[in-house]
Amino acid sequence: MRIQLDFNFKIMSFIFKIRDFITPPEDVLKEVGLKLGFSVLDYGCGPGSYILPTERIIGKFGKIYALDFNPSAIKSVQHIAAKKRLENIATILSDHKTGLPNDSADVVLLYDVFHGLNHKDEILLELHRVLKPHGILSFSDHHMNKEEIVSIITKDKLFKLHKSEKMTTNFTMENTIKDMPNS
């Protein structure tokens, strides 16, 4: 199992290098509206394609939480952080819970991972919980079309469409937790 997971990770990392050459992460991040000092959760960070471009935008006073279920992904991000001596990057090994406090992220990046996730509804609840009240959920998944993305993300009225861009679909929170029924 571990060998297969590592092999799949290496293949995915190679494919992402090609993807990042064709569509640089910097171009994708321009659609999000990241700012200096922001706190960003890269949910399903994979090999860390968005770590350095995000860090360049948010600066050393911003924070990046890189979450993935694959230990190889976490090691990859830790290697990037160590190599560049970045102290504002924290890794989270998890299949869906972040362990972050409520209202702790200005932006959540959910890129090219949602189609393969288990616990989708639980994950959306978790992302809603960790986003700050005016935070952005930035979504991209090449396995889904824009209409499908909007339908899935807005169906439980946790999020509403903020902006549909060329490469991303960005959402804001529809309700705060205290506005939710049964909270």
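Miscellaneous remarks
- Remark: C-alpha extents of the range 86-183 on the principal axes read 37, 33, 24 Å, sorted largest to smallest.
- Compared with the dominant Cα axis of the chain, that is its longest principal axis, helix 71-83 is turned about 70°.
- Net charge contributed by nearby residues that have their C-beta within less than 13 Å of P101 (K/R +1, D/E -1): +2
- Rounded to the nearest 10 degrees, the angle from helix 120-130 to the longest Cα principal axis of the chain is 80 degrees.
- Length-normalised contact order of the chain in % [C-alpha pairs under 8 Å, at least 6 apart]: 17 percent
- Pairwise centroid distance, computed over Cα atoms, of the range 81-140 with the range 1-71, Å: 11 Å
- Amide H contacts under 5 Å for A90: I64, Y65, A66, restricted to partners 5 or more places along the chain or on a different chain, H placed in the peptide plane at 1.01 Å from N.
We did not get these values from a lab; they are worked out from the coordinates using the rules stated. In this text the structure is predicted, and so the values were computed from the model without any measurement. With ideal geometry, Cβ positions are generated from the backbone for all residues, glycine too; neighbour counts draw on all protein chains shown.
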